[in-house]
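See below for the structure under consideration.
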Amino acid sequence: MDIAALSMSISQMKVAQQAGISVMKMAMDAGQTQMNDIVQMVQQNTKMMEQSITPHLGKNIDISL
C-alpha cells in the first residue's frame, strides 16, 4: 500500500470519528434538555395535584381578639 492511500485512509477515519463524536454530543444535549423539561413538568404537576387535593388549605385565616 502506498503512503498517499494510507494517508487518505487515516484522514477519512479521523473525519468519520469526529462526525460520530459530534452527533453523540448533539444527542446528549438533546437528552439533557428533554430531562430538564420532564423534571420541570413533574414539579408543576405535583403543585397542581397538591392544590386539587386540598384546595381549602392556606386560603383562610381565623383570627379572634
Segment His56-Ser22, length gained on full extension (0.36 nm per residue, minus Cα span): 7.0 nm
P(r) tail fraction, the chain - alpha-carbon pairs more than 15 Å apart, %: 75
Cα-based helix-to-principal-axis angle, 3-53 vs the chain, degrees rounded to 10: 10
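Each reported figure results from applying straightforward, stated rules to the coordinates on display, with no laboratory input. Only a predicted model underlies this, so the values are computations on that prediction, with no experimental measurement involved.
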